[in-house]
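Chemist: Handing you this structure, nothing more for now.
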């Protein structure tokens with residue numbers, strides 16, 4: 001699998017602490033992550049070392065998503081999510097060949113103050129299919145995040 005670094009960023013006219021809270025609070029998380037899946041939510045904790053599940057209702061009564069751990073949390077400047085597996089119909093998979101081909105995978109968020117604004121940068125690894133899929137989603141998600149933070 002040919003993996004490459006994927007990077008996305010946006011400049012938001014709000015303090016870093018407000019951006020952080022908006023990104024990781026349950027109610028606003030559900031809003032800005034809609035471009036990835038209309039019914040996105042998380043279960044678990046953003047605390048360093050904690051397990052967290054990124055989920056979406058599939059519409060047929062099941063849930064699917066990602067099983068992860070918070071590798072690092074340095075409020076309000078950096079968080080690293082270590083994706084360890086997938087979840088399908090509520091069942092965690094960390095051992096299939098499909099998962100072993102990419103896990104662990106990291107999704108990192110960096111928030112930097114820039115002249116009274118906050119630059120949110122996301123970096124992760126992905127193959128060509130992942131890059132193509134996320135290219136349309138991340139900019140929309142970041143635009144929603146910016147709108148929420150600047151209210």
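The values are calculated or read from the model by the stated rules, or taken from the named source; none is laboratory data. This one's a predicted model, so the numbers in the text were calculated from it and none came from an experiment. Neighbour counts are summed over all protein chains in view; Cβ atoms, including those assigned to glycine, are modelled from backbone coordinates with ideal geometry.
Chemist: If only one of 64, 9 is at pLDDT below 95 and part of a strand (DSSP E or B), which one is it?
Modeler: 64
Chemist: Could you list, in sequence order, the residues of segment 1-26 that are free of Cβ contacts under 8 Å to residues at least 60 places away in the same chain and either surrounded by 15 or more Cβ atoms within 10 Å (Cβ to Cβ) or within 23 Å of residue 90 (Cβ to Cβ) (or both)?
Modeler: 21, 24, 26
Chemist: So, residue 19, is that one part of a helix (DSSP H, G or I) and modelled with pLDDT of 95 or more or not?
Modeler: yes
Chemist: While we're on this one: Kindly provide the set of residues from segment 68-115 that are touching a residue at least 60 places away in the same chain (Cβ under 8 Å), outside any strand (DSSP E or B) and either within 21 Å of residue 5 (Cβ to Cβ) or out of contact with any strand residue (DSSP E or B) (no Cβ under 9 Å at 6 or more places or on another chain) (or both), ordered by number.
Modeler: Residues satisfying the conditions are 77, 101, 102.
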